[in-house]
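Working notes, structure below.
The values are calculated or read from the model by the stated rules, or taken from the named source; none is laboratory data. Given the structure is predicted, the values throughout are model-derived calculations rather than measurements. Neighbour counts are summed over all protein chains in view; Cβ atoms, including those assigned to glycine, are modelled from backbone coordinates with ideal geometry. The accessibility values were calculated without ligands, DNA or RNA, using every heavy atom of the protein model including side chains. Shrake-Rupley method; radii C 1.70, N 1.55, O 1.52, S 1.80 Å.
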Amino acid sequence: MLTKLIRLNRSNFGGIAAIVGGCFLLIHLVSALAVYLLKPDVFPLVSNILLPIFSGILIVIYGFAHCYFTFEDGVRFSCTRRRTLEGVLALLALEAAAAFGLSALLVRLEGLFAPPLWAALVGAPGYELGPEAPAVPEWAAGLAQTGPLFVEQVSCPWWVLPLAALVCLLLGLVAGAVYQRFGRRGGWALWGTWMVIALGQSRLPWEDLAQAGVLPALGLSAAAALVILSLLSLWSLLHASIQR
């Protein structure tokens, strides 16, 4: 089953390479242009933030499509719901591994090749990597670049990418199962939920919540809610009514 699904959806892996790789090239074209024109003293590495975000969005979209179109097509071709769902989840896991694995590889390449290129474009004698730029004395503000270019690098624990891939896979599963079960009404519910989260999070006092120690509890609550919704989504797909 999985082999057939991979063969039928092989263009998805090409899409992953094209989208993630294209975003990487666009990021560095814009970065190189900004460095050349602005001649900054400090410049950040941004692929380690942006590429996982793009990969996550892509996996959510693929998860939605597989849990709706691929799952229903498999059942229509006389495959059991359980076997089809197992194949869809395995395919989605491979796609998530491909997207986030490619992101990790490109982030590594960025760390090796981008800083010396930017230093050359700025005309600096070299570069320094670090999590935070050093403070500039007041007397040095506005002076021309004479020292090495400082490249800000945000480092994350190794488990962040696999965790992000799993979260995006589950979000795609939930979204696809909701739409498969409720149709357009489910689509409107998903859109409304997204708008509430997107607009509501900007109004929350995150600094106050962090000082109060509430963020870990919120994170655990969100994780528990996602697990419960994922289990309900699996149950819904295994009992889905599909017209042949």
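Just give me the residues in the range 89-114 being charged (D, E, K, R) and without any contact (Cβ under 8 Å) to a residue 24 or more places away in the chain, in sequence order. Passing the criteria: only Arg108.
With the condition kept exactly as written, say whether any residue in the range 7-20 is over 21 Å from the mean Cα position of the chain (by Cα) and farther than 25 Å from Trp191 by Cβ. Scanning the range 7-20 turns up at least one residue that is over 21 Å from the mean Cα position of the chain (by Cα) and farther than 25 Å from Trp191 by Cβ. Within the range 177-200, one or more residues are open to solvent by less than 80 Å² (accessible area, probe 1.4 Å) and at pLDDT below 85. Being assigned to a helix (DSSP H, G or I) and among the β-branched types (Val, Ile, Thr) is the filter here; which residues of the range 47-98 pass it? Scanning the range 47-98 gives Ile49, Ile53, Ile57, Ile59, Val60, Ile61, Thr70, Val75, Thr84, Val88. Filter the range 179-197 for residues that are of a type in the set (Phe, Trp, Tyr) and in contact (Cβ under 8 Å) with a residue 60 or more places away in the chain and give the result. Of everything in the range 179-197, just one residue is of a type in the set (Phe, Trp, Tyr) and in contact (Cβ under 8 Å) with a residue 60 or more places away in the chain, namely Tyr179. For Val174, the criteria (1) assigned to a loop (DSSP other than H, G, I, E, B); (2) β-branched (Val, Ile, Thr); (3) open to solvent by less than 50 Å² (accessible area, probe 1.4 Å) hold in every case but one, which is (1).
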